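Worksheet: one structure, shown below.
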Ligand SMILES: [Mg+2]
């Protein structure tokens, strides 16, 4: 299996690769449902909620997960052990067990030795559609210790209001008129490790940490007005069974690599021979912003032929990933086929079901991701790409040159999404 991986070669750009997830809540509002199951593991459409949350986070290049558990932590540990195989992705999943009722800030405090220089933090029982790359970018501001996703609501209800001056949070969690509109905490954060110095061994982020960071001017905010659901409320947990699958079901843009994203020079295996097609990175960003999955499907028989190695492919794909980040864009997942039926050497000589024109790479992506096939499109430059799309029952566009973003803008407009 060929998967998008990080590379030490790009440590200098140091994207956030760690996500910490708060899994210690008791779920008392859900009554019997959480008697034997930690709230984040409650099933949604047949899968544990936490698996769906983590799958969404992997789209943004996160590969290391740290689950902060307390209540029924043995079940969280069993889940963590199985997860990489269930995701079909190269991720590590660790569990840190917090002392009883340490609270959200306390849970983070007790895991402080395991936090990376910068990390994302999520509530394990809610889902907010967040452009994590945009949130990460907020953290780069001078003096920022944290950045949080904010949700606009028509009525604040029991929630404290968050106020912004530009991107800077000026006040966090101040109680306001329950009937007034405003911004509330969305439960998705990016932090620098500097937050550790502010954490108490027992306490809540919302009351004991974030208000102080706001006063210091060390918090940034990102308004996210897309999908939100909190499974901790019984009515919303019931609603999750239909709303969450609908949220995850999206069209996919399958992109051939050589000749579509980068110039076709024949067997491109190294960064020096990788030259972007005009508008290619912008095209990926357009599809990201429209909520489409974006996948690369590429034949790389150059590996099988001995022209370059698997590690070269990984380094090149980390480079593509880093360059896309510069424009706030990301590839959600990727498949490549290193085999060739006649010219492959050793184990690489194989009539592989992943090698286009066979549809294996597309089919595997549609097995892992809940793709809306009818609205999906493949863009390729060769007949073998288009044949693979046909055999996977996916529409296709032949790319014949010009700006790729113009092609993608057209197809997104046709789809009215
Ligand atoms: Mg091509």
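Derivation of every value follows stated rules applied to the coordinates shown; laboratory data play no part. None of these values were measured; they are calculated from a predicted model. In this analysis, Cβ positions are derived from the backbone assuming ideal geometry, glycine residues included, and neighbour counts consider all displayed protein chains.
With a simple spin-label model that places each label point 7 Å from the Cα along the Cα-to-Cβ direction, the separation between residue 272 and residue 47 comes to 4.2 nm.
In percent, rounded to a whole number, the relative contact order of segment 8-248 is 23, using alpha-carbon pairs under 8 Å and six or more apart. Relative to the longest principal axis of the Cα atoms of the chain, the long axis of helix 280-289 makes an angle of roughly 40 degrees. Peptides 94-102, 58-66 ranked from most to least packed, by the mean per-residue count of other Cβ atoms within 10 Å: 58-66, 94-102. With bins 5 Å wide starting at 0, give me the P(r) of segment 59-171 over every alpha carbon pair, in whole percents. Once binned at 5 Å, the Cα pair distances of segment 59-171 give 2, 8, 16, 19, 21, 16, 10, 6, 1. Relative to the longest principal axis of the Cα atoms of the chain, the long axis of helix 234-248 makes an angle of roughly 20 degrees.
Only helical runs count toward this figure. For the chain, summing -39,500 (n - 2.57) over DSSP H runs of n ≥ 4 and dividing by all residues gives -8500 deg cm²/dmol at 222 nm.
Counting neighbouring Cβ atoms within 10 Å and putting the fewest first, the residues 311, 56 line up as 311, 56.
Against the main long axis of the alpha-carbon atoms of the chain, helix 404-415 sits at an angle near 70°. Footprinting exposure proxy ranking of 303, 153, fewest other C-beta atoms within 10 angstrom first, gives 153, 303. Taking the inverse of the mean 1/r over every pair of distinct Cα atoms in segment 252-415 gives a Kirkwood hydrodynamic radius of 15.8 Å. In whole percents, the pair-distance distribution calculated for the chain from its alpha-carbon pairs, binned every 10 Å from zero, is 4, 21, 30, 25, 14, 5, 1, 0.
What number do you get for segment 8-248 when its Cα radius of gyration is normalised by 2.2 N^0.38 Å, N = residues? If you can, show how the numbers build up before the last one.
Numbers: Rg = 17.0 Å, N = 241, 2.2 N^0.38 = 17.7 Å.
Ratio of Rg to 2.2 N^0.38 Å for segment 8-248: 0.96.
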